[in-house]
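These notes concern the structure reproduced below.
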Amino acid sequence: MSPKALDYESLNENLKKAQYAVRGELYLRASELQKEGKKIIFTNVGNPHALGQKPLTFPRQVVALCQAPFLLDDPNVGLLFPADAIARAKHYLSYTSGGLGAYSDSRGLPGVRKEVADFIGRRDGYPSDPELIFLTDGASKGVMQLLNAIIRGEGDGVLVPVPQYPLYSAAIALFGGSLVPYYLEETANWGLDVADLRQSVAHARAKGITVRAMVIINPGNPTGQCLSEANLREILRFCYQENLVLLGDEVYQQNIYQDERPFISARKVLMDMGGPISRELQLVSFHSVSKGYWGECGQRGGYFEMTNIPPRSVEEIYKVASISLSPNVPAQIFMGLMVNPPKPGDISYDQFVRESKGILESLRRRARIMTDGFNSCRNVVCNFTEGAMYSFPQIRLPPRAIEAAKKARKVADVFYCLKLLEATGISTVPGSGFGQKEGVFHLRTTILPAEEDMPEIMASFKKFNDEFMEQYEDHRGYSRM
Ligand code: DCS
């Protein structure tokens, strides 16, 4: 009998090709060990609330009231909720036709899209058009919608940084396109060299690939670097010359842990450049409520903003969004709140600022503790986490460890991360899940464990790593690179 459509051998091959290491072998093994009763520190996913981060009070009050509008009619509501939260809940409910239980427009609630546009206008100093902003279920859905619109088949390529966040490699595989890698330079603090970009494009074209788009992740995941304004200008000029759409993944724009390179949006740099490029270069920028000091990953709120995309294409993207009817409506309210938080003078302002600052300042300290911790370990080197929420140390694996991994039929960094997990309960993602140069090994961990747990986690990592290196270093011949 011929195989059924959902039998493994007859599944869509693109689906089998797609790989997503953040929830891959290491995560599955960690879940197993947890079931067996081992204490696991889940640093494989940037999921702040899962590691104890408390939700900000004001947005939860507003959304709670939107979810339970009968509370607004309760005479005691003012005892439980501050007046500005009550006013804001009424404000968002007035945007909906039927509250949170009703589908919204497929692009999201017009009122929230307007609030997003106002936020972008304030951030960049250039007005933004709400008609070109679509709300999505997390940034992931937006990225997938756009890649789906861009990729017509195997011959279409998308430039993706390596190392990269595997949403990109996985989605490109799912849509049947070709990933065109460009390498970030670890010794230059994960900087991006435009000469290398040109080479990557030339290389892909020689293989018959039409390169159509370029992805930047700023600040970087897993690499944590913040792009400078000069670098962004070069990238924009490159995309203009090569006729590429730029996809600007800016979900970590609030997560900045140094003062030399503050976040600057690709859109602002483009607008500052003026001239034909600012009117012609096609740019789509992504943002999310999952990251920043909100960390509301489970709410699944995001948006994308389109710049210089012709109206007929916007219509097509709208049509496709409408096949899924509507993004989550509660998530849209979170997005509205994120881009329009309490203002000075509002009742909830002081508390909001105290909570947000507390989270960001602690993240900044944790970024430092992790980098310093890794750099104090044998055969480990690590760039400082300038932004985002990950540390991505390079592990210089001795040749005998690489051989042992081969024998165990594991990629060498998977082998190392599995041993780390078994020994310490620290669940990381091997660098191979993000892509790395041949023969170079990394792991990714988040900087999210509670600050007070950090010294113990780093000590436990150090002890494991020392023992691992002791076991596999060949004391006769091997020297540190
Ligand atoms: N873009 C980047 C660069 C990300 O790191 C993530 C999530 C997303 C988009 C998607 O976020 P949302 O869909 O939640 O808005 N990062 C994953 C990660 O590496 N760890 O946790 C989640």
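Among the strands (runs of 3 or more DSSP E) confined wholly to the stretch 96-201, which include 3 or more residues that are touching a Leu at 6+ places or on another chain (Cβ under 9 Å) and among the β-branched types (Val, Ile, Thr)?
Fully inside the stretch 96-201 and qualifying: 156-162.
Listed here are the residues, each with its yes/no results for (1) in a loop (DSSP other than H, G, I, E, B); (2) surrounded by 14 or more Cβ atoms within 10 Å (Cβ to Cβ); (3) out of contact with any Lys or Arg (no Cβ under 6 Å at 6 or more places or on another chain).
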position	(1), (2), (3)
MET1	yes, no, yes
GLU9	no, no, yes
ASN14	no, yes, yes
LEU28	no, no, yes
GLN53	yes, yes, yes
GLN61	no, yes, yes
LEU65	no, yes, yes
LEU71	no, yes, yes
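Just the residues that are touching a residue at least 60 places away in the same chain (Cβ under 8 Å) and more than 16 Å from the ligand (Cβ to nearest atom), please, taken from the stretch 182-226.
TYR183, GLU186, ASN189, ARG212
When both residues are 6+ apart or on different chains and their Cβ atoms are under 7 Å apart, which pairs have a first residue that lies in the stretch 275-298 and is under 17 Å from PRO219 (Cβ atoms), and a second that is away from the ligand (no atom under 12 Å from the Cβ) and of a type in the set (Lys, Arg)?
These pairs meet every condition: SER285/ARG267.
Hey, can you tell me all the residues within the stretch 413-425 that are in contact with a helix residue (DSSP H, G or I) (Cβ under 6 Å, 6 or more places away or on another chain) and either within 16 Å of the ligand (Cβ to nearest atom) or aromatic (Phe, Trp, Tyr) (or both)?
PHE415, CYS417
Let's see how each residue does on (1) away from the ligand (no atom under 15 Å from the Cβ); (2) aliphatic (A, V, I, L, M); (3) under 24 Å from the mean Cα position of the chain (by Cα):
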residue: SER288; (1), (2), (3): no, no, yes
residue: TRP294; (1), (2), (3): no, no, yes
residue: TYR303; (1), (2), (3): no, no, yes
residue: ILE309; (1), (2), (3): yes, yes, yes
residue: ARG312; (1), (2), (3): yes, no, no
residue: GLU316; (1), (2), (3): yes, no, no
residue: ASN328; (1), (2), (3): no, no, yes
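When you scan the stretch 462-471, do you find a residue that is in contact with an Asp or Glu (Cβ under 7 Å, 6 or more places away or on another chain) and either modelled with pLDDT under 95 or assigned to a helix (DSSP H, G or I) (or both), even just one?
The answer is no, given that none of the residues of the stretch 462-471 is in contact with an Asp or Glu (Cβ under 7 Å, 6 or more places away or on another chain) and either modelled with pLDDT under 95 or assigned to a helix (DSSP H, G or I) (or both).
Quick one: which residue in GLY157, GLY142 is touching a Phe, Trp or Tyr at 6+ places or on another chain (Cβ under 6 Å) and in the same structural domain as GLN253 (by TED's automatic domain parsing)?
Just one listed residue meets the conditions, GLY142.
Give the stretch 363-396 a look and list any residue that's out of contact with any Gly (no Cβ under 7 Å at 6 or more places or on another chain) and of a type in the set (A, V, I, L, M), or say none.
LEU363, ALA367, ILE369, MET370, VAL380, VAL381, ILE395
Might you check whether a residue that is crowded, with 22+ Cβ neighbours inside 10 Å, β-branched (Val, Ile, Thr) and under 23 Å from GLN19 (Cβ atoms) occurs anywhere in the stretch 369-391?
no
Can you say whether ALA87 is among the hydrophobic types (A, V, I, L, M, F, W, C), modelled with pLDDT of 95 or more and not in a loop (DSSP other than H, G, I, E, B), as far as the supplied structure shows? Show your work before the answer.
Details: among the hydrophobic types (A, V, I, L, M, F, W, C): yes; modelled with pLDDT of 95 or more: yes; not in a loop (DSSP other than H, G, I, E, B): yes.
In short, yes.
Any residue in the stretch 450-471 that is within 16 Å of the ligand (Cβ to nearest atom), crowded, with 17+ Cβ neighbours inside 10 Å and within 21 Å of ILE40 (Cβ to Cβ)?
No.
Across the stretch 435-447, which residue is nearest to the ligand (Cβ to nearest atom) among those that are surrounded by 24 or more Cβ atoms within 10 Å (Cβ to Cβ) and part of a loop (DSSP other than H, G, I, E, B)?
ILE447
In this structure, does ALA173 turn out to be within 25 Å of PHE441 (Cβ to Cβ) and small (Gly, Ala, Ser)?
It is true that ALA173 is within 25 Å of PHE441 (Cβ to Cβ) and small (Gly, Ala, Ser).
On the basis of being of a type outside the set (Val, Ile, Thr), in the same structural domain as PHE415 (by TED's automatic domain parsing) and touching a residue at least 60 places away in the same chain (Cβ under 8 Å), does ARG29 make the cut?
yes
If you go through the stretch 321-328 one residue at a time, do you hit one that is in contact with a Leu (Cβ under 8 Å, 6 or more places away or on another chain) and either on the phi > 0 side of the Ramachandran plot or part of a helix (DSSP H, G or I) (or both)?
No, the stretch 321-328 contains no residue that is in contact with a Leu (Cβ under 8 Å, 6 or more places away or on another chain) and either on the phi > 0 side of the Ramachandran plot or part of a helix (DSSP H, G or I) (or both).
The values are calculated or read from the model by the stated rules, or taken from the named source; none is laboratory data. Values in this document were obtained by computation on a predicted structure and should not be read as measured data. Neighbour counts are summed over all protein chains in view; Cβ atoms, including those assigned to glycine, are modelled from backbone coordinates with ideal geometry.
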